[in-house]
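Structure record follows, encoded as structure tokens.
The values are calculated or read from the model by the stated rules, or taken from the named source; none is laboratory data. Quantities reported herein were computed from a predicted structural model and do not represent experimental measurements. When we count neighbours, we look across all protein chains shown, and the Cβ atoms used for this are built from the backbone with ideal geometry, even at glycine. All accessible areas refer to the heavy atoms of the entire protein, side chains included, with ligands and DNA or RNA removed. Shrake-Rupley method; radii C 1.70, N 1.55, O 1.52, S 1.80 Å.
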Amino acid sequence: MQLVENTNWLSMARLILSASRQTAFHVHYNQLPILLHCRHGWDRASQVAALSQLLLDPHYRMREGFSTLVEKDFLSFGHPFHTRCGHGEGKNEQGGDEGQLSPIFIQFLDCVFQLVNQFPDYFEFNARYLLLLSEHIYSCRFGTLLCDSEREREVVAGIRQRTYCMWEYLDSIPDLINPVFDRATSEKAGDLLMPLL
């Protein structure tokens with residue numbers, strides 16, 4: 001357990017969830033617009049924006065909505081999956097910068113996992129769905145989470161034409177559906193998920 005604490009993983013997850021909760025609170029109750037920004041604009045900002053939307057909107061707690069959320073807030077906004085995950089690169093290969101490696105998306109999935117555990121009735125997908133998704137970030141079996149930008153995925157690498165879609169694969173596995181999910185509870189008007197931190 002000491003090794004985990006030395007990474008500050010749990011502290012960072014708490015900070016990300018806290019920022020997401022605060023963002024969702026101000027949008028929902030105070031009807032305020034929120035500007036999110038981090039140093040690069042695609043690490044913490046994507047995490048907080050996506051998690052806030054999970055707290056606010058039941059559509060994103062469904063499998064179809066969750067894939068849309070990831071496509072929108074990570075892929076379309078240019079989250080550098082290749083740079084952060086080091087896909088296909090050895091140590092310092094191709095001038096790679098090891099300082100850029102960071103499990104940003106895994107951290108996001110861990111925060112989603114915490115929400116799924118706190119609010120099981122509100123999510124159509126289960127923890128196994130998130131685990132399988134996290135495994136395939138590094139498997140490179142699907143092109144969905146490869147490359148650093150839409151341009152690289154579509155123009156340079158032609159990923160959609162050469163690989164399978166991870167979302168279609170996940171949707172094809174019935175065991176990834178949460179058996180306690182209650183659509184009526186999830187879609188109840190005015191509900192804002194407020195996680196315990």
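Does GLY78 satisfy the condition of being more than 26 Å from ASP121 (Cβ to Cβ), surrounded by fewer than 18 Cβ atoms within 10 Å (Cβ to Cβ), in contact with a Ser or Thr (Cβ under 7 Å, 6 or more places away or on another chain) and at pLDDT below 95?
The answer is yes for GLY78.
Looking at ARG14, ARG61, just one residue is more than 28 Å from ASP171 (Cα to Cα) and basic (Lys, Arg), and that residue is ARG14. Of the conditions (1) more than 18 Å from the chain's Cα centre (by Cα); (2) under 20 Å from PRO195 (Cβ atoms); (3) open to solvent by 80 Å² or more (accessible area, probe 1.4 Å), LEU15 satisfies every one except a single condition; which number is it? Checking LEU15 against (1) more than 18 Å from the chain's Cα centre (by Cα); (2) under 20 Å from PRO195 (Cβ atoms); (3) open to solvent by 80 Å² or more (accessible area, probe 1.4 Å), the one that fails is (1). May I ask you to list the residues in segment 90-122 that are open to solvent by 60 Å² or more (accessible area, probe 1.4 Å) and either of a type in the set (Lys, Arg) or at pLDDT below 70 (or both)? LYS91, ASN92, GLU93, GLN94, GLY95, ASP97, GLU98, GLY99, LEU101 - these are the residues of segment 90-122 that are open to solvent by 60 Å² or more (accessible area, probe 1.4 Å) and either of a type in the set (Lys, Arg) or at pLDDT below 70 (or both). Quick one: PHE66 ticks every box in (1) open to solvent by less than 60 Å² (accessible area, probe 1.4 Å); (2) in contact with a Leu (Cβ under 6 Å, 6 or more places away or on another chain) except a single one, so which number is it? That leaves (2) as the condition not met. Within segment 128-139, take every residue that is within 29 Å of VAL180 (Cα to Cα) and not aliphatic (A, V, I, L, M) and give me the one that is modelled with the lowest pLDDT. So, considering only residues that are within 29 Å of VAL180 (Cα to Cα) and not aliphatic (A, V, I, L, M), the one modelled with the lowest pLDDT is HIS136.
Scanning segment 140-161 for residues that are open to solvent by 60 Å² or more (accessible area, probe 1.4 Å) and modelled with pLDDT of 70 or more yields one hit, ARG141.
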